[in-house]
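One structure below.
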Amino acid sequence: MELVAQRNLSDRLDWLVDWLYPPRCRACAGRIHGRDAEYFCAACWSQIQLVSHPLCKICGRPFPDAGGDDHTCGVCLERSPRFAAARAWACYPREESAEHPLRQVVHKYKYGRKVSLGKPLGRLMARGCEEFLSELRADLIVPVPLHAKRLRWRGFNQSLLLARQVSRAYGVPVDPFVLQRWKETAAQTQLPEEDRRRNVRGAFALHPDKSVKDRTVLLVDDVYTSGATVSECSWTLKRAGVKEVYVLTLARAVY
Ligand SMILES: [Zn+2]
Ligand SMILES: [Zn+2]
C-alpha cells in the first residue's frame, strides 16, 4: 500500500474552519498553540506514546526497554494469533483508572458519540503507521463491525470512520459489509483475557453475498486490548478463504 497525496474540498474546508475557529485540543479541549501542533495541545502530545521499535513482530506489542531488535512476544509464542501482524498508532495504560489523553479522546469518540473525531484520528493513524502499511499488499480494508443494536445506539461505527481515512490515504477500497456481527457481546473492558476470547467466539460471520477468497485484508479497529476481537474476525475471514489478515488500530492498551 502506498500513501497517496490527495486534497479534496473537505480538506480545504477543514483549513478554513481551523482559520475561523482556532482548533482546540481533541483530548482536553485546551487551546492549541503553534503552527505545527495538530489535534492535541503540547501537554497532551507529551503524554502520547507512539508505538515504536522494538516491538513484537506479530501483535505489535512495544517492549518497554529501548534497545534490541523486534521479536515475537511470549503471548504470541504461546498462542499464535489468527492474523499475520497487528500495529497500533499509539499506546495508553490498560488500567481503567489511569487518566490519559488518548484514552480520553477514544472515550469521547466512542461513548460521547463525537463523530467529528473520526477524521482526525483516522488521519493520525493512517499517516503515523506508514512504515507498517507501506509494506502490506492489502487489497481490501474491513472495519470491525458493530452489532446492529449498538450501531443504532451509537449512530456510527467508529472503526468504519477510521478505516475510511486509511482507505483515502492509501487508495485501497473499504467494505463495511464483508463482516457482520450477529452475536451481541458483553462489553469487554472489565473481562480477563480468557473470558474475552469466550465472549467473542462465534460473534462474527461473513456476509453471504460477499466473496473474499484469496484477498489480503487489512482489518481496522479503534483499540487493541487482548486481541480477542480482531483474532476472532481474522479467523472468520480466513475460514472464508482470505489469504492473509493484517490488523491496524488507533490505540493499543498496554500494561
Ligand atoms: Zn490537551
Ligand atoms: Zn506478540
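Looking at (1) surrounded by fewer than 17 Cβ atoms within 10 Å (Cβ to Cβ); (2) of a type outside the set (Gly, Ala, Ser); (3) under 28 Å from residue 26 (Cα atoms), can you tell me which one residue 121 breaks?
Condition not satisfied by residue 121: (1).
Does residue 40 satisfy being farther than 22 Å from residue 174 by Cβ and in contact with a Pro (Cβ under 6 Å, 6 or more places away or on another chain)? Give the steps one after another, and end with the answer.
Numbers: farther than 22 Å from residue 174 by Cβ: yes; in contact with a Pro (Cβ under 6 Å, 6 or more places away or on another chain): no.
Judged against the criteria, residue 40 is not a match.
So, residue 220, is that one in a loop (DSSP other than H, G, I, E, B), touching a helix residue (DSSP H, G or I) at 6+ places or on another chain (Cβ under 9 Å) and modelled with pLDDT of 95 or more or not?
Numbers: in a loop (DSSP other than H, G, I, E, B): no; touching a helix residue (DSSP H, G or I) at 6+ places or on another chain (Cβ under 9 Å): yes; modelled with pLDDT of 95 or more: yes.
When the stated conditions are applied, residue 220 does not pass them.
Scanning for something over 23 Å from residue 78 (Cα atoms) and in contact with a Leu (Cβ under 8 Å, 6 or more places away or on another chain), does region 194-204 turn up at least one residue? If you could, list the steps in order and put the result at the bottom.
Step one: filter region 194-204 for residues over 23 Å from residue 78 (Cα atoms), giving 203-204.
Then keep just the ones that are in contact with a Leu (Cβ under 8 Å, 6 or more places away or on another chain); that gives 204.
Yes, some residue in region 194-204 is over 23 Å from residue 78 (Cα atoms) and in contact with a Leu (Cβ under 8 Å, 6 or more places away or on another chain).
Restricting attention to region 132-172, which residues are β-branched (Val, Ile, Thr) and not in a loop (DSSP other than H, G, I, E, B)? Step through it out loud before you land on a result.
Going residue by residue through region 132-172, those that are β-branched (Val, Ile, Thr) are 141-142, 144, 166, 172.
Matches in region 132-172: 141, 142, 166.
Quick check, is residue 234 farther than 19 Å from residue 109 by Cα, of a type outside the set (A, V, I, L, M) and at pLDDT below 95? Quick ask: steps written out before the conclusion?
On the way: farther than 19 Å from residue 109 by Cα: yes; of a type outside the set (A, V, I, L, M): yes; at pLDDT below 95: no.
The answer is no for residue 234.
Within region 1-23, which residues are assigned to a loop (DSSP other than H, G, I, E, B) and open to solvent by less than 90 Å² (accessible area, probe 1.4 Å)? Even if it seems obvious, please write down each step before you answer.
From region 1-23, those assigned to a loop (DSSP other than H, G, I, E, B) are 1-8, 21-23; that's our starting set.
Matches in region 1-23: 1, 3, 4, 8, 22, 23.
As an exercise: evaluate residue 26 against (1) more than 16 Å from ligand 1 (Cβ to nearest atom); (2) open to solvent by 40 Å² or more (accessible area, probe 1.4 Å); (3) touching a residue at least 60 places away in the same chain (Cβ under 8 Å); (4) under 20 Å from residue 127 (Cα atoms) and give the number of the one condition it does not meet.
Answer for residue 26: the failing condition is (1).
Filter region 191-217 for residues that are crowded, with 17+ Cβ neighbours inside 10 Å and either at positive phi or not in a loop (DSSP other than H, G, I, E, B) (or both) and give the result.
Step one: filter region 191-217 for residues crowded, with 17+ Cβ neighbours inside 10 Å, giving 191, 196-197, 199-200, 203-204, 206, 212, 215-217.
Hits for region 191-217 are 196, 197, 199, 200, 204, 206, 216, 217.
How many residues does region 10-47 contain that are aliphatic (A, V, I, L, M) and at pLDDT 80 or above? Spell out the reasoning first.
As a first pass, look at region 10-47 and keep what is aliphatic (A, V, I, L, M): 13, 16-17, 20, 27, 29, 32, 37, 42-43.
Still in the running and at pLDDT 80 or above: 27, 29, 32, 42-43.
So the count comes out to 5.
For residue 161, work out the one condition from (1) more than 24 Å from residue 48 (Cα to Cα); (2) in contact (Cβ under 8 Å) with a residue 12 or more places away in the chain; (3) aliphatic (A, V, I, L, M) it doesn't fulfil.
(1)
Please find, among 150, 168, the residue that is open to solvent by 30 Å² or more (accessible area, probe 1.4 Å) and closer than 21 Å to residue 225 by Cα. Let's see the steps before the verdict.
Numbers: 168 fails: closer than 21 Å to residue 225 by Cα.
Selected residue: 150, the only one of 150, 168 that is open to solvent by 30 Å² or more (accessible area, probe 1.4 Å) and closer than 21 Å to residue 225 by Cα.
If you take the residues of region 56-115 that are small (Gly, Ala, Ser), open to solvent by 40 Å² or more (accessible area, probe 1.4 Å) and assigned to a loop (DSSP other than H, G, I, E, B), which of them is farthest from ligand 1 (Cβ to nearest atom)?
Here is the first cut: in region 56-115, the residues small (Gly, Ala, Ser) are 60, 66-68, 74, 80, 84-86, 88, 90, 97-98, 112.
From what's left, open to solvent by 40 Å² or more (accessible area, probe 1.4 Å): 66-68, 74, 80, 97, 112.
Next cut, assigned to a loop (DSSP other than H, G, I, E, B) only: 66-68, 80, 97, 112.
Details: 66: 26, 67: 31, 68: 32, 80: 39, 97: 20, 112: 16 Å.
Once the filter is applied, the top-ranked residue is 80.
When region 133-147 is examined, which residues are found to be open to solvent by less than 20 Å² (accessible area, probe 1.4 Å) and not aliphatic (A, V, I, L, M)?
Going residue by residue through region 133-147, those that are open to solvent by less than 20 Å² (accessible area, probe 1.4 Å) are 133, 136, 138, 140-145.
Result: 143, 145.
Name the residue, out of 197, 168, 152, that is farther than 19 Å from residue 127 by Cα, under 20 Å from the mean Cα position of the chain (by Cα) and not acidic (Asp, Glu).
Exactly one of 197, 168, 152 is farther than 19 Å from residue 127 by Cα, under 20 Å from the mean Cα position of the chain (by Cα) and not acidic (Asp, Glu), namely 197.
Taking the condition at pLDDT below 95 and touching a Leu at 6+ places or on another chain (Cβ under 8 Å), does residue 137 pass?
Working: at pLDDT below 95: yes; touching a Leu at 6+ places or on another chain (Cβ under 8 Å): no.
No, not satisfied.
The values are calculated or read from the model by the stated rules, or taken from the named source; none is laboratory data. Model, not experiment: these values are computed from the prediction. Cβ atoms come from the backbone with ideal geometry, glycine included; neighbour counts cover every protein chain shown. The accessibility values were calculated without ligands, DNA or RNA, using every heavy atom of the protein model including side chains. Shrake-Rupley method; radii C 1.70, N 1.55, O 1.52, S 1.80 Å.
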